[in-house]
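A short write-up of the structure that comes next.
The values are calculated or read from the model by the stated rules, or taken from the named source; none is laboratory data. Keep in mind that what you see is a predicted model, and the values were worked out from it rather than measured. Cβ: placed from backbone, ideal geometry, glycine included. Neighbour counts: every protein chain shown. Heads up: the accessible areas ignore ligands, DNA and RNA and are worked out on the full protein's heavy atoms, side chains in. Shrake-Rupley method; radii C 1.70, N 1.55, O 1.52, S 1.80 Å.
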Amino acid sequence: MHREYDEQFRSFCIPTHRVIGALIWDSRYSLLTVTLAGFGRAIAEVGAVIIVGGNIDHLTRVMTTAIALETSKGNLALALALGFILLILALSVNAAVYALRASARRLSYA
Amino acid sequence: MSSKTAASLLPLEVDALCYRVEREDLLKDISVTVDSAGITGILGPNGAGKSLFLRLLHGLLEPVSGEIRWHHQRLDKTIRRRQALVFQKPVLMRRSVAANIDFVLNPGTRSRQRRDEVLQHAGLYRQRSQPARLLSGGEQQRLALARALATEPEVLLLDEPCASLDSATTLQIENLLQETSARGVKIVLVTHDIGQARRLADDVIFMHGGRLLEYQTASTFFDSPSSSQARAYLDGKIVI
Ligand SMILES: Nc1ncnc2c1ncn2[C@@H]1O[C@H](COP(=O)(O)OP(=O)(O)O)[C@@H](O)[C@H]1O
Ligand SMILES: [Mg+2]
């Protein structure tokens with residue numbers, strides 16, 4: 001994008017700080033989507049590790065294992081609540097990404 | 001829109017201009033003096049060096065040797081600021097139509113009213129909140145032109161502004177250009193549309209193979225071109 005804008009900006013004699021600002025602003029959606037995608041990957045990786053190794057007695061408790069545990073203890077209400085929270089977290093992150101992608105395409109045709 | 005005095009950046013003097021990329025001479029020894037207001041057309045076949053020449057006139061490229069002077073001054077940023085260049089392929093920002101205009105208006109004096117004026121003038125007011133990059137080809141080119149005019153240039157440089165546009169859109173743009181010229185803005189128009197040059201140009205620069213072969217008034221050029229290349233070009237023959 002910089003290469004594309006460069007000549008036009010030089011033609012208008014746009015000062016450097018405005019060029020930088022404009023480049024960041026005009027790529028804000030792709031930057032955000034990239035960040036979120038990275039975030040998603042990180043969560044997935046970390047999540048996998050925690051599911052396997054994070055359930056150390058007395059120290060940590062992972063949501064998914066906690067759900068299983070509470071279910072087996074017969075505490076169905078708490079298990080359901082935890083499951084619900086997990087679901088909402090996952091859904092909202094995904095929804096945010098999709099909404100952003102959609103508006104990015106609409107607004108900037110990036 | 002302010003009406004600046006006619007072409008205070010004139011005369012344009014080009015002195016033994018050469019441009020070279022990797023030992024290949026792309027522009028060879030171009031000298032010309034343009035002292036007439038109005039519209040100067042730059043004609044020539046593809047690859048003649050018209051776009052390069054225009055970029056050099058605007059100071060986007062540095063000549064390898066030779067000199068370009070506008071109003072007896074060497075080309076620099078202050079002169080470039082008084083000019084505007086519309087590229088062959090419009091470079092629009094990933095923003096709304098209105099925001100594209102806002103971006104070039106002077107931050108100190110910009111106003112919504114001024115922007116709306118500019119858009120109305122270009123017939124783009126209705127599309128003002130649309131993403132600029134989703135406009136049709138003709139609308140994009142009109143926006144690029146409107147944005148250039150919004151900076152109130154004294155010299156307007158255009159690189160084939162109507163390439164790949166239909167005739168109705170071409171006419172709209174030509175009308176805008178004539179109006180602009182009548183306001184006293186000097187226009188340099190690169191085109192390979194001979195009809196367009198006939199309709200608009202007051203004088204003509206003919207380029208071929210990196211050289212400037214002719215600089216004539218339009219009537220002389222079209223009636224009796226002096227170079228054989230120009231004659232062949234006007235006859236619609238393929239010139240190599
Ligand atoms: N940056 C560059 N590097 C090498 N060759 C170039 C460069 N820019 C343009 N040219 C060459 O210079 C010649 C003239 O180009 P141009 O000015 O775009 O021609 P036109 O008259 O069609 O606008 C072409 O042959 C092109 O390939
Ligand atoms: Mg060209």
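Multiplying the residue separation of residue B:77 and residue B:152 by 0.36 nm and subtracting their alpha-carbon distance yields 25.4 nm.
The Cβ shell under 12 Å around residue B:38 holds other residues with a net charge of -1, Lys and Arg each +1, Asp and Glu each -1. When peptides B:11-20, B:71-80 are sorted by average Cβ neighbour count within 10 Å, with the highest value leading, the order is B:11-20, B:71-80. Largest GNM mean-square fluctuation across B:69, B:183, B:112, computed for chain B with C-alpha springs under 10 Å, falls on B:112.
Rg of the Cα atoms in the protein assembly as shown, relative to 2.2 N^0.38 Å, amounts to 1.41. Here's the list of lysines a cross-link from residue B:50 could span, going by alpha-carbon distance under 28 Å and ignoring same-chain residues fewer than 8 apart: B:4, B:28, B:77, B:89, B:186, B:237.
Helix-only arithmetic for chain B: the sum of -39500 (n - 2.57) across DSSP H runs with n ≥ 4, divided by the residue total, places the mean residue ellipticity at 222 nm at -9500 deg cm²/dmol.
Neighbouring Cβ atoms from other chains, within 10 Å of the Cβ of residues in A:8-16, number 6 on average. Counting Lys and Arg as +1 and Asp and Glu as -1 over every other residue whose Cβ lies under 15 Å from the Cβ of residue B:66, the net charge comes to 0. Surface exposure of region B:1-146, expressed per residue as accessible area with a 1.4 Å probe, stands at 46 Å².
Each residue, residue B:116 and residue B:46, gets one label point 7 Å from its Cα in the Cβ direction; the gap between the two is 4.4 nm.
Counted by Cβ distance under 15 Å from residue B:228, the other residues give a net charge of +1, where Lys and Arg count +1 and Asp and Glu count -1. What the Cα atoms of chain B give is an Rg and a Dmax of 17.8, 53 Å.
Only protein atoms count toward the accessible area here, which uses a 1.4 Å probe; on chain B, the carbon and sulfur part of that area reaches 46 percent. Counting, for every residue in B:52-58, the Cβ atoms of other protein chains within 10 Å of its Cβ and taking the mean gives 1. Each of the peptides A:80-93, B:153-166 was scored by the mean count of other Cβ atoms within 10 Å over its residues; in descending order, highest first, they stand as B:153-166, A:80-93. Between the alpha-carbon centres of region B:185-221 and region B:25-51 there is a gap of 8 Å. In the protein assembly as shown, the DSSP beta bridges split such that about 55 percent are antiparallel, to the nearest 5. In this simple spin-label approximation, residue B:171 and residue B:89 carry label points 7 Å from Cα along the Cα→Cβ vector, and these lie 3.0 nm apart.
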